[in-house]
Every structure is written in C-alpha cells, then in structure tokens.
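The values are calculated or read from the model by the stated rules, or taken from the named source; none is laboratory data. As the structure is a computational prediction, the values presented were derived from the model and not from experiment. With ideal geometry, Cβ positions are generated from the backbone for all residues, glycine too; neighbour counts draw on all protein chains shown.
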2 protein chains.
Amino acid sequence: MIGKNTIKLIKSLALKKYRTKEKLFLVEGDKLVTEVINSQLIISQLLVTLQFRENYEIDLKNIENILEVDSATLKKASLLQNPQNSIAICRLPNKRELPPKLNNSLSVFLDGIQDPGNLGTIIRICDWFGIENIFASPDTVDLYNPKVIQASMGSFNRIAFYECSFNTIHKIAKESSTPIFGAFMDGANIYTETLPQNTLLVMGNEGKGIRKDVEELIDRRISIPNLSTNASKAESLNVSVATAIICSEFKRAL
Amino acid sequence: MIGKNTIKLIKSLALKKYRTKEKLFLVEGDKLVTEVINSQLIISQLLVTLQFRENYEIDLKNIENILEVDSATLKKASLLQNPQNSIAICRLPNKRELPPKLNNSLSVFLDGIQDPGNLGTIIRICDWFGIENIFASPDTVDLYNPKVIQASMGSFNRIAFYECSFNTIHKIAKESSTPIFGAFMDGANIYTETLPQNTLLVMGNEGKGIRKDVEELIDRRISIPNLSTNASKAESLNVSVATAIICSEFKRAL
C-alpha cells in the first residue's frame, strides 16, 4: 500500500514548481511506463497493480522502489482521466549542455509553445523524422509537464531537448553556418522553396506566432500555402500540424 | 438572465443523445461564435455578456433569441475550462445527402476516428488544403461534439461532412472511377508514390487502424516513412498529424 504522502507527491508533480523542488516527474500509462523501465531513466518509485506485474516482466536495474497497489489506489493517485495499471515517479535528468555547433541536419527551435499537447506532439513528430535536436525558449511549456510526456508517447526520451534563449541558439547557428528558417503566415511557399538539410526551423507560439526580436534574426520566411476553396478560409493550422507538414517537406527529398 | 433549464440544456448538449433529441448543438468561444453568427446556421439562443456586445456588432438575421448574461452565469453554463463571452445554441442542420459521384479532387474517409480533438483537427486540415468532402463511418465521433467543433476552429462549417458506411462510399468511388488509398504502417512510401488527384484517402482509428473489411477494398496502401535515427523508434504518428502530412503530399504538386 502507499500512503497519503505518495498520492500528494504525485498530484504535486503536475506543477513545474514541485517537479523542480523534488527533482522528479511522472510517467503514466502502461506502454509508456514499460518504455521508461527499459530506458536509462531512474525510477524513484514505480507503482503497479497485480495486473501490470502479470502482463509485463519488470527489469529492476533502474528502479529504486517498486510498490504494488490495487486499482482503486492507483486510480486515486493518477492524474489521468482513464488510469491504467502503473505510475512511474522518475528522477529528473540533468539539463543537457548546449552543443557547441549544430549538426548537418534539420533542428527545431520552439518560440514560446504553450500547449503541452502541442509540445508533446511536436516531439513525437521530430522523433519520427529523425530530427535529433529540439531547442525551446525558456517560456515554452516544460518538457516534463505530464501532458507533454503523455502526448510525446515516449519520444520525449529519444530526442535531445534543450532550453535556451533564441540569442544563444542564433550565435551557435551562425558559427555552424546554419540557415535559420521561420514559419510565418506570409512566407515563401514551402513546396517551391529550396530547403537546405542543415536548417534551424523556428516555430512560433500558438496565438502570437514568432516574437518580433526573433523574427528579425530569421534568414528566410516560409509558409504552407492555403489551398482552401472556401470564401471564408481556414485562417491557420495548429502549430503541431504545421510543424509536421514543414518537417515532412524538409525530409521528403532525402 | 437565464434560468436553470437553459444551463441544464447547455450541459446536456455535451452528449450526442441530447443533441439528437433537441436537434441542437453548441458553439463556444467568441471568435467561433462570431463566425457562426455570420454563417448560414440558425442560432436558437445566443448568450452573450455585455463585453461581447461592446466588442462585436451582432447581425440578428439568423438568431432566434439573444440573451445578455453576466460573466458568472456564462461561466456556469459553459463547457469550456476557460469560458469567454458567448455561447451559441445552434440548430442542427439536416444531414447532407450523399453525392452520387465523387469530384475530381482528394476526398477523405475516416474509419472510426474516436478522439474529438483529432476529428476537429482533421476537418481544419481538410479545409486548409481545399478538401471539400469528408466521409466518416457511423462509429466515428460525432461532428457536433463540442470538442470537435472547438478543435475544427470554424472549419466544421466550411467543409461537407457525410456519415456513411464504407460499403456505400466504396460503391460511389467505383462508379466515379476514384482510386481508394489507405494509410497503413507498411504501405508504399508516400514520397515516391504516384498520388492521383481524385483519390479517396482512408484514415483509420487511433489505436486499431483501418478495419479488416475496409482494408480489403482498398486499392493502394501508403505510408509515411519512419526516418527516426533512434534504435527504439517512434512507433507511430498521431492520426491527425499523419492526415496532414499525407494531404500535404497529395496537394503539393498542384
């Protein structure tokens, strides 16, 4: 059994303040939890039901504590609407040091993405397309927000995520001779534009787009053409959808 | 002021059962509501705060009743976590009759999409790419689910949405000489495949993919190649993201 304090701890990890203080974050959902068990992450406490134990072999090497709980307790502790059979309380990895140079393939800079579902989805897209490095402004939603982890479907642990200011990444990009592209409503048509494989792609905030002072440092403005046949057109695409289409366009030629 | 019954009515419209019974559905969010006011939809009751009245000119031609409410009441009535200044209770339009033939551009068939956010996002993507007709199996989430309306961002009212069985659309496609493509994990690479402009594209359920008996009637299996550089690759893309990438690939050549 687990005590009230563990449940309280789990609930507190919904907030960045407590994740930072406790140096912990949550992973829920059986598929994700099994992925984490087999990864390099350290699990401080693993809560599982009997059913989970019966369904999965658990490699204990990165697990500090394992607790069996009943479904009702797990449900009480869970942040999910439909809890499954496991919750992993993981140790926050150390922040990655920025690379001195950008590599020769596509990287992404996120300028203030706010919605955790969008960030998680973008991470999953990057993982799919072999984009290894994601940089994000400090005001982007936290990577370890439980909703980001959930939406990323395990990809959070497969890509390199760096928090840094645009000025910092701009300097590194210049030193690496990396062109910086940004997605705008009025940019050049991505379908006809030359898209260098070593680009740093900037995607902006859901409502406000790319910040003015970031915009000024962008080399090339690109856009997904609106092909709507309606008089009153769709005004925009969701930022994760736009990221998917642009990344696909960069990668399709490979 | 509005009574308890109106609030009860609004809350009930979260469920398809009551939307069907009352022949009503909800639109929330000031931007969406203003779009609906200026559309052909009939608004049975429009609830607005004083602030909404001050910010927007309201064309009354399609509004049966308009009620001014205070923010607290609107908040109580709203289904949103962050209510704005308006709620439109709209009359359900009649179901569209199926077209006898498919047109000469891309159409989409959705085979059991369950998540309302995904359906809304797919509708927004189709609107963006000028895809005029979306067909969906009867077990796809309801178009008038408030979360679908929200995620579609007004596009729900700009595309033609039809509920029909795959057998029905299959017959229509055959009569129109329309090739049927389906998205699978193991299909042909979309980046090198010839993609006819008059295709019917089938996208499957989030977890289960395309149903077996639908699969059997598909002419061509396509896939977005997984370019992940990780040993443990991302297993899949979200269905709305996959739809965006495939539609982009069909439309880019135009």
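Evaluate the following for A:S228: is it under 30 Å from A:T34 (Cα atoms), buried (at least 18 other Cβ atoms within 10 Å of the Cβ) and either within 13 Å of chain B (Cβ to nearest Cβ) or among the small types (G, A, S) (or both)?
no
With the condition kept exactly as written, say whether any residue in the stretch B:125-143 is hydroxyl-bearing (S, T, Y) and closer than 19 Å to B:E35 by Cβ.
no
Quickly run through the stretch B:72-88 and pick out the residues that are of a type outside the set (D, E, K, R) and touching a residue at least 40 places away in the same chain (Cβ under 8 Å).
Of everything in the stretch B:72-88, those that are of a type outside the set (D, E, K, R) and touching a residue at least 40 places away in the same chain (Cβ under 8 Å) turn out to be B:T73, B:A77, B:S78, B:L79, B:L80, B:P83, B:Q84, B:N85, B:S86, B:I87, B:A88.
Quick one: which of A:A242, A:A183, A:A234, A:A253 is surrounded by fewer than 17 Cβ atoms within 10 Å (Cβ to Cβ) and within 14 Å of chain B (Cβ to nearest Cβ)?
Answer to the check: A:A253.
Which one of these does B:D142 not meet: (1) over 24 Å from the mean Cα position of the chain (by Cα); (2) crowded, with 16+ Cβ neighbours inside 10 Å; (3) in a loop (DSSP other than H, G, I, E, B)?
(1)
Can you name the residue in the stretch A:142-175 that is of a type in the set (S, T, N, Q) and over 22 Å from A:C90 (Cα atoms) and is also farthest from the other protein chains (Cβ to nearest Cβ) among such residues?
A:N167
Does A:G29 meet the test of being in the same structural domain as A:L200 (by TED's automatic domain parsing), under 23 Å from the mean Cα position of the chain (by Cα) and surrounded by 15 or more Cβ atoms within 10 Å (Cβ to Cβ)?
no
Does any residue of the stretch B:134-141 turn out to be farther than 30 Å from B:N5 by Cβ and within 14 Å of chain A (Cβ to nearest Cβ)?
yes
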